Every structure is written in C-alpha cells, then in structure tokens.
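Just below is one structure, and these are the notes that go with it.
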Amino acid sequence: MLTAAVFVPGAPLLIPELTGSSVDPDVDAVRGAAIEAASGLAADVSDWLILGAGSADPSVADGVGTFAGFGADVPVRLSPTADGSADPRWPLALLVGGWLRGRAAPDATARTALIDPASTPQDCADRGRRLRAECETASGSTGLLVVADGATTLTAKAPGGFHADAQRWQDDLVAAVGGDLDARSRVVTWPATDAAAVGIDGRAVYQVALAALDGAWDAENCYAAAPFGVGYVVSRWRRST
C-alpha cells in the first residue's frame, strides 16, 4: 500500500561534495529540508519507490551509481547490499534519490520508476494510476520519493533566463505538491510544450506522482524557494486516516 510520499528537488547542490567548502545558507536550507523530509519517509516506511525522469537498465538497483559526471566521485546505492563498479551514467534523479536513501535510511531498499520527460499528460495519468495499483496490491507499505525540479526561468540569472509566466506556473506547482486540490487539477493537465517554455522539465514526473497520490492525503510543504532562479520545493504526504 502506498502510505507516504516526499517531494524533493533533483539538484546536485544537495550533495555537499559537489558544492565545495563554502557556506551558503540557501544551499543549507534546501539540503536540510530534503534530508529531513527523507528521514521522515524512512520513519514511515522501509520500502521506497524513487520516481524521477530518465531511463535505466533494470539491473541498476543491484549496482552503484556515482556523481562523477557532476564533479565528484560520490557513490550511491539503492540498497545496502548493492555492489560493483560505480556507474556515472545513472539518471540524476536516481543519484539524488540514492544519496538521500543513504543519508536517511541506509537499511532501506529503493525501487525505481523512471518517467520519459516527453510523456503526455494522459500517459502520465495512466502511469500514475498503474503505480498506485501496483503499490496497493503489494504486501507492506511503500513510500514514494519524487525527485524533480520546478521552473528554471524565475529570474534573469536563472539557468533558463527569465520568463514572465514562470512564477505563475511555479506557484501552481508549489500549491499542488502542498496538497491544494484546485492546483493539482491544473498541474496534472499541463501541456508538455507550455511547461517546457518556463523550464519545468520535471512536469511529467510531477504529473505521474500526483496521479499516483489520488485520494485523501495530508500534505504540507516543508520548503519552497528559488534561491538560484530555479523553483525548489520539498513536501511530505501521508495517507489520511
């Protein structure tokens, strides 16, 4: 049964080895919120399902990934028994999810569900419903770790530059992952091209997650900001009793 979920950014800056030794309060804030949320997920469930963008060989869960492609050879695993040579080709979502598992729940095992960023809203709705059904029929409780970023065009210095409509889209996203039903109904129908225009490359991942989390949930945002012109949000969901 799907009983809990956490949304975190898919940002390499969460990993201290990738940001250098300098102290940055903005980085510390989002990193601390993500680790705290993941620790809460670990307290709720021991079976994790990491949801992010990309594609991977099914054997990835038995191996080791690394952030070497992002500047530091930081190994990550999806289970405590995973072994082998570190593979730098893992999708970023799996690297971030695996790193959080190691920090918050080193004894937990994480499965993966990777979403094609080009998936249509209908494809995402269907995938989300299938994921929920799979979790409902499985034994034990499952927690969803959703790894994705928001808009990358929120300021002039943002990676995607400034887009005048980005803040409106980001506000809807923050409200949706915070549990607002009206915002959820809008986000799950976002056209791919419109979301891409404001740099929300995690659009498909959010749509799948929100479809999987249909029903009665208690949700709250733990962090929502755009310190580098990129929308980062951390939230926790628990199934309503």
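The values are calculated or read from the model by the stated rules, or taken from the named source; none is laboratory data. No experiment lies behind these values; they were computed from the predicted model shown. We place every Cβ from the backbone using ideal geometry, glycine too, and count neighbours over all the protein chains shown. Quick note on the areas: whole protein, heavy atoms, side chains included, nothing else; ligands and nucleic acids left out. Shrake-Rupley method; radii C 1.70, N 1.55, O 1.52, S 1.80 Å.
Provide Rg and Dmax in Å for the stretch 193-241, with only Cα atoms included in the calculation.
In order Rg, Dmax, the Cα atoms of the stretch 193-241 give 13.0, 39 Å.
Within the stretch 105-121, name every residue whose backbone N is under 20 Å away from a label modeled 7 Å from Cα of ALA138 along the Cβ vector.
What the label zone holds, given the 20 Å backbone N cut-off, is 105-116.
Once you charge only the Cβ atoms, +1 for Lys and Arg and -1 for Asp and Glu, what is the size of the charge dipole of the stretch 84-228 about its Cα centre, to the nearest 20 debye? Provide the component values of the computation, followed by the final result.
Numbers: 13 positive and 18 negative charges, 68 e Å.
Using only the charged Cβ atoms, the result is roughly 320 debye.
For the stretch 114-241, taking Cα atoms only, what is the radius of gyration to one decimal and the Dmax to the nearest whole Å?
14.5, 48
Share of the stretch 20-130's accessible area from carbon and sulfur, percent, 1.4 Å? Before the final figure, lay out the partial values.
On the way: 2510 of 5190 Å².
Roughly 48 percent, rounded to a whole number.
With the contact rule set at Cα under 8 Å and sequence spacing of 6 or more, what percent relative contact order holds for the chain?
On the way: 534 pairs, mean separation 67.4, N = 241.
Result for the chain is 28 percent.
If Lys and Arg each add +1 and Asp and Glu each add -1, what is the summed charge of the other residues whose beta carbon sits under 15 Å from the beta carbon of ARG130? Write out the running numbers ahead of the final one.
Values: positive: ARG111, ARG127, ARG129, ARG132; negative: ASP116, ASP123, ASP126, GLU134, GLU136, ASP214.
For residues surrounding ARG130, the net value is -2.
In what order, largest first, do CYS222, CYS135 sit by accessible area if the probe radius is 1.4 Å?
On the way: CYS222 65, CYS135 5 Å².
Most to least solvent-accessible, the answer reads CYS222, CYS135.
What 222 nm value per residue comes from the helices of the chain, counting each DSSP H run with n ≥ 4 as -39,500 (n - 2.57) and dividing by all residues, nearest 500 deg cm²/dmol?
Computed ellipticity for the chain at 222 nm equals -11000 deg cm²/dmol.
In a Gaussian network model over the chain where Cα atoms closer than 10 Å are linked, find which of THR152, THR112, THR19 has the largest mean-square fluctuation.
Per the Cα network of the chain with a 10 Å cutoff, THR19 tops the list.
With just the Cα atoms of the stretch 42-141, tell me how far they stretch along each of the three principal axes, in Å, largest first.
Answer, in whole Å and largest first: 38, 32, 21 Å.
Mind pulling the per residue volume of the convex hull built on the Cα atoms of the stretch 1-98? Å³ is fine.
Working: hull volume 10.7 nm³, N = 98.
Dividing the Cα hull volume of the stretch 1-98 by its residue count gives 109 Å³.
From zero up to wherever the largest Cα-Cα distance of the chain sits, split into 10 Å bins and tell me the percent of pairs in each.
8, 34, 39, 17, 2
Which distance in Å, rounded to a whole number, links the C-alpha centroids of the stretch 70-117 and the stretch 170-241?
The stretch 70-117 and the stretch 170-241 have Cα centres spaced 23 Å from each other.
All other residues with a Cβ under 12 Å from the Cβ of THR19 taken together, and with Lys, Arg as +1 and Asp, Glu as -1, what is their net charge? Please report the intermediate quantities before stating the final value.
Numbers: positive: ARG31; negative: GLU17, ASP24, ASP26, ASP28.
So the environment of THR19 carries a net charge of -3.
Over the stretch 90-187, give the accessible area per residue in Å² for a 1.4 Å probe, as an integer. Numbers along the way, then the final one.
Details: 4390 Å² over 98 residues.
It amounts to 45 Å² per residue over the stretch 90-187.
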